[in-house]
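Student: Questions regarding the structure given below will be posed in turn.
The values are calculated or read from the model by the stated rules, or taken from the named source; none is laboratory data. Keep in mind that what you see is a predicted model, and the values were worked out from it rather than measured. So basically every Cβ, Gly included, is an ideal-geometry build from the backbone, and we count neighbours across all protein chains shown. Quick note on the areas: whole protein, heavy atoms, side chains included, nothing else; ligands and nucleic acids left out. Shrake-Rupley method; radii C 1.70, N 1.55, O 1.52, S 1.80 Å.
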Amino acid sequence: MAESITSALISLQWLQLVEHELLVFAMFWFIIGIVDEAAIDLTWLWLRLSGRATARRRAFTFGHSPLAGKIAVFVPAWREEAVIGTMLRHALGSWRQPELVVYVGCYRNDPATIAAAMAGIAEDTRVRLVIHDRDGPTTKADCLNRLYQAMGEDERCSGKSYRGVVFHDAEDMVHPSALAEIDRALDEVDFVQLPVRPEPQSGSRWIAGHYADEFCEAHAKAMVVRDALRAGIPAAGVGCGFARDALAELARQRAAEGETGPFAAQCLTEDYELGLLISRSPRGSRFLRLRDSSGALIATRSYFPASLSEAVRQKTRWVHGIAFQSWDRLGWSGRPVDIWMALRDRRGPLTALVLAAAYLLLVIETILWGAGLAGWTGGVPLSPMLRAMLLVSFAGFAWRALLRFAFTTAEYGLAEGLRAVPRIPLANLIAIMAGRRALVAYFRSLWSDTVVWEKTRHAALPAPLARLGILA
């Protein structure tokens, strides 16, 4: 009995040592993160007070406004038979400009998506259905390169060049004003990004809802700050437009390296990389945050994953592509502000590790608290420095929760704002799981050059804005 008690006490002492080291590790990185976020917050507050962070209003919607030139919209699709038809009907009905041509990329071994796309196209002559000559899935970038090739063939046949290229996914619901706003912005820049607005789902208030919280704060604050600082803007892959000449120049650069097309076929987040590369051009990039005459955000609306497994899978791809592949492919060169933003973008694996340490601390604290109730008195007081770090970390978390509530409430209403705070631990759990999976996937990729489009399946689309009473 005495040996058992002694062994238990030794275990508790070791557990307390582990607790202390984890606490120092977690608090150090928490404070680094707090300083980083505070810099973004203070910059945004200054922009807000100066009126530069407020979404500008447009007096009219521009669904029928003529474009300055031909615009191509690329829509890559693999196993999207449930949504591609509705998406195309909505986009073609919202954007009635004759200068628009939609290129839909399908695969020869995906007849269901091909049939659904043809049904969505109906009699509209502004659509070209492009069937990939390879079995799918390859990668999204590979599909985009096939669409780029088809666009080039059309240009050579017609003798007319496109002015710009807009990217969308098969699950997107576009805003009627978006195309005209992108076209207008391309007068000044080579790349423009509109906000992404994840739509709440009644059947997944927590998993799908956390996307709304994250994108709302990122596209109302962080991206606004990046734009004001003239830092590189990462493309979200949807609701973004690129000047045709900029894509052609990038394609020439890749051709010199033995690659085909402007999109990195072996990159899981080709949109992120594309945005940063085009941002380096002399004309640069813009993040455009606007509202229409009814007050609705001019943004791309879509449903995000509603299950835990799908959310982890999607975020694994993001972390793998942004944190690991972009480190290899883009490096750390550039202006100080770009290096700062690269550090923020690529912090996913470190964030997962720190969060895992923090949640492990909660488990250890619970065990030690229980031991204390049982009469164990072996606890060691925290140092003043560690107490101060804990206080700063708690204050930082409270501030983050307050901002998350404020931004979500401003865009989605009070009910979603109240849910946003308890959704933070769930978002952390997903980040931990995705970070671990991304690290494993990255090491596997080092042994193989093959990258597969491990995409998210979609079964539903948000209601059109007109049906919601937002637009007539």
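Student: Quick check on this structure: which one of ARG400, ARG437 is touching an Asp or Glu at 6+ places or on another chain (Cβ under 8 Å), outside any loop (DSSP other than H, G, I, E, B) and touching a residue at least 40 places away in the same chain (Cβ under 8 Å)? Before you say what the answer is, go through the steps one by one.
Tutor: Working: ARG437 fails: touching an Asp or Glu at 6+ places or on another chain (Cβ under 8 Å).
Only one candidate passes the filter, namely ARG400.
Student: Surrounded by fewer than 23 Cβ atoms within 10 Å (Cβ to Cβ), in a loop (DSSP other than H, G, I, E, B) and over 12 Å from the mean Cα position of the chain (by Cα): does that describe ALA265?
Tutor: yes
Student: Further question: Looking at THR43, THR113, THR54, THR86, which one is within 27 Å of the chain's Cα centre (by Cα) and closer than 23 Å to GLY261 by Cβ?
Tutor: The unique qualifying residue is THR113.
Student: Can you tell me which of (1) open to solvent by less than 30 Å² (accessible area, probe 1.4 Å); (2) more than 22 Å from the chain's Cα centre (by Cα); (3) closer than 21 Å to VAL312 by Cβ is the one ARG444 doesn't meet?
Tutor: Checking ARG444 against (1) open to solvent by less than 30 Å² (accessible area, probe 1.4 Å); (2) more than 22 Å from the chain's Cα centre (by Cα); (3) closer than 21 Å to VAL312 by Cβ, the one that fails is (1).
Student: From the list PRO425, PRO462, PRO381, which residue is at pLDDT 75 or above and part of a loop (DSSP other than H, G, I, E, B)?
Tutor: When all the criteria are applied, what remains is PRO462.
Student: Could you list, ordered by first residue, the pairs with Cβ atoms under 8 Å in which the first is in the stretch 232-249 and without any contact (Cβ under 8 Å) to a residue 24 or more places away in the chain and the second is surrounded by 22 or more Cβ atoms within 10 Å (Cβ to Cβ), at least 6 apart or interchain?
Tutor: Correct list of pairs: ALA248/PRO262.
Yes or no, residue by residue, for (1) open to solvent by 40 Å² or more (accessible area, probe 1.4 Å); (2) under 22 Å from LEU274 (Cα atoms); (3) modelled with pLDDT of 95 or more:
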site	(1), (2), (3)
ILE131	yes, no, yes
ASP135	yes, no, no
THR138	no, yes, no
ASP142	no, yes, no
LEU147	no, yes, yes
ALA150	no, yes, yes
ARG156	yes, no, yes
ARG163	yes, yes, yes
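Student: Considering each of GLY232, GLY209, GLY203, GLY241 in turn, give the residue that is in contact with a Pro (Cβ under 9 Å, 6 or more places away or on another chain), at negative phi and either open to solvent by less than 40 Å² (accessible area, probe 1.4 Å) or not in a helix (DSSP H, G or I) (or both). Write out each step before concluding.
Tutor: Working: GLY232 fails: in contact with a Pro (Cβ under 9 Å, 6 or more places away or on another chain); GLY203 fails: in contact with a Pro (Cβ under 9 Å, 6 or more places away or on another chain); GLY241 fails: in contact with a Pro (Cβ under 9 Å, 6 or more places away or on another chain).
Residue meeting the stated conditions: GLY209.
Student: Within the stretch 275-294, is there a residue that is assigned to a loop (DSSP other than H, G, I, E, B), aliphatic (A, V, I, L, M), open to solvent by 10 Å² or more (accessible area, probe 1.4 Å) and modelled with pLDDT under 95?
Tutor: No: zero hits.
Student: For ALA218, are the conditions met, namely being more than 23 Å from TRP95 (Cβ to Cβ), of a type in the set (A, V, I, L, M, F, W, C) and either open to solvent by 10 Å² or more (accessible area, probe 1.4 Å) or in a loop (DSSP other than H, G, I, E, B) (or both)?
Tutor: Yes; evaluated as a whole, the condition is true for this residue.
Student: Mind telling me which of the residues TYR412, TYR359 ends up being surrounded by fewer than 17 Cβ atoms within 10 Å (Cβ to Cβ) and in contact with a Pro (Cβ under 9 Å, 6 or more places away or on another chain)?
Tutor: Only one candidate qualifies: TYR359.
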